Amino acid sequence: MTTRIGGVSGPPYGTLNCALHIQDEPVDVIENRRRLGETLGWPFEAWTCGEQVHDRQVAVVTLANRGKGRESREDAFAHTDAIVTNEPGIWLTSFYADCVPLYFFDPVRQAVGLAHAGWKGTVLRIASETIRTMSEAYGTDPSDVMTAIGPSIGMCCYEVDDAVIARIDSCLDEIGAEPGVHSYVYRPGAEYGKWMLSLQEMNRQIMIKAGILPTHIEICGMCTGCRTDLFFSHRKENGATGRMASWIGLRSASQR
């Protein structure tokens with residue numbers, strides 16, 4: 001995953017904004033994307049992404065639609081917050097400023113996935129939907145999958161109201177979480193009707209109930225709200241900020 005450092009975008013998107021859906025100059029965003037690809041050894045043509053609308057739709061990416069969304073959001077996979085592939089040479093990417101990046105790698109079937117999970121996508125269980133799609137498309141066994149939960153806003157900084165917690169509770173009930181799990185997912189905030197929520201732990205619980213082994217889940221402890229020197233934070237910067245990019249892909253023989 002990128003930080004906010006090393007690109008050409010001007011304030012308030014400085015400097016490595018990688019998203020086209022905010023008011024940054026498209027030419028700067030595309031230059032940032034090209035620089036990232038060159039640094040990582042991925043051709044810009046491989047860059048592939050979804051529209052990201054805080055829902056649960058998953059797109060299966062093939063070489064036939066490789067590169068969708070790389071220069072225009074209108075060309076991205078529509079209404080899509082997660083993308084998966086088993087074909088080498090496709091660079092899956094998505095964008096964040098507090099929401100949770102979810103990474104999936106099936107070393108047995110050689111398939112990868114990437115999901116964008118804000119609180120809405122989380123309670124819609126986009127994590128389990130990604131696993132389900134990989135199982136249907138590639139024969140993935142959830143117990144084989146290695147996952148990671150990337151930098152995102154932490155319980156220390158993410159305050160929500162009763163309405164959000166009601167959705168969280170409903171989701172925990174739906175997946176059959178043990179009662180004690182709730183205390184790991186959220187705690188009371190400083191004011192009545194406010195709560196501090198851990199989207200990382202919530203997604204971890206969803207992954208486990210989807211069949212991912214707890215030992216196959218890595219969580220980055222860095223909070224985007226605490227570290228605005230390194231990361232963009234929609235919450236801490238009042239919406240006027242850029243977006244980091246996460247990525248995953250299977251390298252082709254020519255890239256190894």
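The values are calculated or read from the model by the stated rules, or taken from the named source; none is laboratory data. Predicted, not measured: the structure shown is a model, and the values here were computed from it. Here the Cβ positions follow ideal geometry from the backbone for every residue, glycine too, while neighbour counts run over all protein chains shown.
Within region 37-83, restricting attention to residues that are aromatic (Phe, Trp, Tyr) and out of contact with any Phe, Trp or Tyr (no Cβ under 7 Å at 6 or more places or on another chain), which residue is nearest to residue 251 (Cα to Cα)? Only one residue fits best here, namely 44.
Rundown of residues vs (1) of a type in the set (Val, Ile, Thr); (2) touching a His at 6+ places or on another chain (Cβ under 7 Å), yes/no style:
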position: 122; (1), (2): yes, no
position: 127; (1), (2): no, no
position: 132; (1), (2): no, no
position: 136; (1), (2): no, no
position: 142; (1), (2): no, no
position: 147; (1), (2): yes, yes
position: 157; (1), (2): no, no
position: 161; (1), (2): no, no
position: 165; (1), (2): yes, no
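Considering region 35-71, and only residues there that are in contact with an Asp or Glu (Cβ under 8 Å, 6 or more places away or on another chain) and in a strand (DSSP E or B), the residue that is surrounded by the fewest Cβ atoms within 10 Å (Cβ to Cβ) turns out to be 58.
Suppose we filter 67, 6, 50, 14 for residues that are touching a Lys or Arg at 6+ places or on another chain (Cβ under 9 Å) and at positive phi; which single one remains? Of 67, 6, 50, 14, the one residue that is touching a Lys or Arg at 6+ places or on another chain (Cβ under 9 Å) and at positive phi is 6.
Search region 4-16 for residues being surrounded by fewer than 19 Cβ atoms within 10 Å (Cβ to Cβ) and hydrophobic (A, V, I, L, M, F, W, C), and hand back the single one that is farthest from residue 224 (Cα to Cα).
8
Return a yes/no flag: does region 194-206 have any residue that is acidic (Asp, Glu) and modelled with pLDDT of 95 or more. For region 194-206, residues acidic (Asp, Glu) and modelled with pLDDT of 95 or more: present.
So, restricting to helices (runs of 4 or more DSSP H) that lie completely within region 161-256, which ones have at least 1 residues that are under 17 Å from residue 115 (Cβ atoms) and either touching a Phe, Trp or Tyr at 6+ places or on another chain (Cβ under 7 Å) or free of Cβ contacts under 8 Å to residues at least 60 places away in the same chain (or both)? If you could, list the steps in order and put the result at the bottom.
Numbers: elements: 162-175, 182-185, 199-209.
Qualifying helices (runs of 4 or more DSSP H): 162-175, 199-209.
Taking the listed residues 160, 145, 185, the one that is within 22 Å of the chain's Cα centre (by Cα), closer than 20 Å to residue 97 by Cβ and of a type in the set (A, V, I, L, M) is 160, with no other qualifying. Tally the residues that are surrounded by fewer than 21 Cβ atoms within 10 Å (Cβ to Cβ), aliphatic (A, V, I, L, M) and closer than 16 Å to residue 49 by Cβ, restricting the search to region 17-34. So the count comes out to 2. Of all residues in region 82-95, those that are free of Cβ contacts under 8 Å to residues at least 40 places away in the same chain and buried (at least 24 other Cβ atoms within 10 Å of the Cβ) have Cβ atoms under 9 Å from Cβ atoms of residues that are in a strand (DSSP E or B) and among the hydrophobic types (A, V, I, L, M, F, W, C), 6 or more apart or on another chain, in 83/49; 83/58; 83/59; 83/60; 83/77; 83/92; 83/114; 83/115. None of 121, 113 is in contact with a helix residue (DSSP H, G or I) (Cβ under 7 Å, 6 or more places away or on another chain) and buried (at least 24 other Cβ atoms within 10 Å of the Cβ) except 113. Scanning region 64-81 for residues that are under 18 Å from residue 42 (Cβ atoms) and in contact with a Pro (Cβ under 9 Å, 6 or more places away or on another chain) gives a single hit, 71. In the set (1) among the aliphatic types (A, V, I, L, M); (2) over 30 Å from residue 89 (Cβ atoms); (3) in contact with a helix residue (DSSP H, G or I) (Cβ under 9 Å, 6 or more places away or on another chain), the condition left unmet by residue 219 is number (2). Restricted to region 144-168, and to residues there that are more than 30 Å from residue 2 (Cβ to Cβ) and out of contact with any strand residue (DSSP E or B) (no Cβ under 9 Å at 6 or more places or on another chain), the residue that is surrounded by the fewest Cβ atoms within 10 Å (Cβ to Cβ) is 163.
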